[in-house]
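This report concerns only the one structure given below.
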C-alpha cells in the first residue's frame, strides 16, 4: 500500500509511574510529563524528534502551572514548539483528533500530547506537614487555550449535592439498575464482579498504580478501608486520582518519520476519531441511563474506518465508575463477556485527572504492536459522561487515511432534555437517586424527580434515618412529595 506522506502516525508512547513516599524526593508533575516524553522519544527511536516538535498539548490537571507545556518543552529541548492547554471539560480525544488532523493537513509535522499528575506526592506532603512545591509560572500563558462551551453541571445540581462525580455517577448507576429491573443486591453483585475483573487486568499492566487483584466481595461491601461514599458506590468503585502518573504520545507525519529514519515496526496508526461536545447536565437527561452520543460517536468512528464493531479486537472504555463502562458498552454494542479494558481501569490502573486516556493509549499502543492485525478502540469521557470521544487505532495503516468528525449536532438531535426547576411544592416521582455517606453512616438522600408537568427537580433529605431507608430499598419510581427548598417531605 502506498501511504500519503501526510498520514499521521503514533511513533512514540511513554508512561511514568512514581510512588515515592518522601515528597522531597518525588518529582513534580511537569517533570513527570517530561520524563514520559523522553520515554516516548526513546520508544520512537530518536531523541532528535523532540527538537522537531511543532506543538506540545497538555490537558489541564490539578496542578497550578499557567503553561505546563512550556515547562515540558524547556526540559526536553523542544525549543520551537508552540504550547496548548486544554481546560477541564475538553476531551483528551479532542487533542488527539486535533494533532492528527493538523498533521494530515500539513499544519504540523510533529505534535506531542502529554499529561500528568502528582497527587500522591501532594497527599504525602500534606500528611507529613511539609510543602510539595511546583515550579512557579507567574504571568505565563499558553499559545493556545481550549475551553468548553459551557458548564458541565447545572447550578441546581451544585446547590443540592450532585456536583461531585461520585454522586452524579451513582444517580446514573441507580437509573440503569432500575431500567434493567435488577434488585439492589443483584446489582451490587454485578458491578462488584465487573470491577473485580478490571482489577485482574490491572495486575498484568506494568503501568498500573495498584497491581493486586481485588475480590468482588471486598469491592461490594463497605469496610473501614472501603467505606460507602454514594450508594451503591464504595471507595473501590471510584476512580483513584491520588496517583503520580504521566503519559506522552508523539504523533508525526509519515514523511517526517521517514526523514528522521524512525523504525516503522513500532508505528501505530490512528484510523478514526470522533467526539461529541454536547453539554447536558445529568439531572436534565430524560434517560439518565443512556448516552445516545456514545452510540453516535462509536458508530461514526467505525464507519469512517470502514469497520464493524466485531472487527475491534481490543477495547479500553473510560472507566471512572462502573456505570460509565456499562453505559458505553451497551451504546457501542460491546456485548457478551469481552474484555472492556486494557489498563485495568481508573480505580486500579490509576485515574490521573484529565489524563487517563493518554495512559490508556500508551498501553493500547503496546498491545497493537504485538497484535499487528488487530484494531483497538479507546474511548474518552469528560464530565459526568457529558462529552464522549472514540478513537480507533491499528498497527496496520488505514486505506483511506485518518478521518475525524464532530458528532455534536447529531447527538443534540438524538438526546432528549428535561427542564430543571428549583422549586416545586407537591407530588413527584423519583427518576433516580443516591445516598451520601460520611464515616460509614448515611447523611443525605438526593433524588432526581419527575414532576407532573414534565419538568425535573432535585430533592434532598438530611434525615439520617430517611437516608438509610433510601439505601435499603428501591426508590426509582416511588411517589414522593416535595416541599419548599427541595426538601423531600416525610
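At a glance:
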quantity: Residue check, residue 32 assigned by TED's automatic domain parsing to the domain that holds residue 145, touching a helix residue (DSSP H, G or I) at 6+ places or on another chain (Cβ under 6 Å) and under 29 Å from residue 267 (Cβ atoms); calculated: no
quantity: Condition check for residue 200: at pLDDT 95 or above, out of contact with any strand residue (DSSP E or B) (no Cβ under 9 Å at 6 or more places or on another chain), outside the structural domain of residue 116 (by TED's automatic domain parsing) and farther than 28 Å from residue 331 by Cα; calculated: no
quantity: Residue within region 9-23 that is part of a helix (DSSP H, G or I), in contact with a strand residue (DSSP E or B) (Cβ under 6 Å, 6 or more places away or on another chain) and either without any contact (Cβ under 8 Å) to a residue 12 or more places away in the chain or buried (at least 24 other Cβ atoms within 10 Å of the Cβ) (or both) present; calculated: no
quantity: Candidate set: region 367-382, residues that are more than 18 Å from residue 344 (Cβ to Cβ) and touching a helix residue (DSSP H, G or I) at 6+ places or on another chain (Cβ under 7 Å); chosen: the one surrounded by the most Cβ atoms within 10 Å (Cβ to Cβ); calculated: 375
quantity: Count of region 24-57 residues which are more than 28 Å from the chain's Cα centre (by Cα) and not in a helix (DSSP H, G or I); calculated: 4
quantity: Elements of type strands (runs of 3 or more DSSP E) contained in region 439-488, each with 2 or more residues being surrounded by fewer than 16 Cβ atoms within 10 Å (Cβ to Cβ) and not assigned by TED's automatic domain parsing to the domain that holds residue 289; calculated: 441-450, 479-482
quantity: Matching residues, region 222-242, being free of Cβ contacts under 8 Å to residues at least 24 places away in the same chain and in a strand (DSSP E or B); calculated: 234
quantity: The listed residue being closer than 28 Å to residue 289 by Cβ and touching a helix residue (DSSP H, G or I) at 6+ places or on another chain (Cβ under 7 Å), out of 351, 308; calculated: 308
quantity: Qualifying residue in region 408-419 (condition: surrounded by 14 or more Cβ atoms within 10 Å (Cβ to Cβ), more than 23 Å from the chain's Cα centre (by Cα) and more than 30 Å from residue 97 (Cα to Cα)); calculated: yes
quantity: Count of residues meeting criterion [surrounded by fewer than 18 Cβ atoms within 10 Å (Cβ to Cβ) and either farther than 26 Å from residue 257 by Cα or in contact (Cβ under 8 Å) with a residue 60 or more places away in the chain (or both)] in region 24-51; calculated: 3
quantity: Unmet requirement for residue 390, which otherwise passes all of (1) over 30 Å from residue 463 (Cβ atoms); (2) in contact with a helix residue (DSSP H, G or I) (Cβ under 8 Å, 6 or more places away or on another chain); (3) surrounded by fewer than 23 Cβ atoms within 10 Å (Cβ to Cβ); (4) modelled with pLDDT of 95 or more; calculated: (3)
quantity: Flag if residue 245 is within 30 Å of residue 134 (Cβ to Cβ), touching a helix residue (DSSP H, G or I) at 6+ places or on another chain (Cβ under 7 Å) and not in a loop (DSSP other than H, G, I, E, B); calculated: yes
quantity: Subset tally (residues that are in contact with a strand residue (DSSP E or B) (Cβ under 8 Å, 6 or more places away or on another chain) and modelled with pLDDT under 95) for region 397-422; calculated: 2
quantity: Within region 60-100, tally of residues that are in a helix (DSSP H, G or I), closer than 15 Å to residue 142 by Cα and out of contact with any strand residue (DSSP E or B) (no Cβ under 7 Å at 6 or more places or on another chain); calculated: 2
quantity: Test for residue 48: is it modelled with pLDDT under 95 and out of contact with any helix residue (DSSP H, G or I) (no Cβ under 7 Å at 6 or more places or on another chain); calculated: yes
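The values are calculated or read from the model by the stated rules, or taken from the named source; none is laboratory data. These figures come from a predicted structure and were not determined experimentally. With ideal geometry, Cβ positions are generated from the backbone for all residues, glycine too; neighbour counts draw on all protein chains shown.
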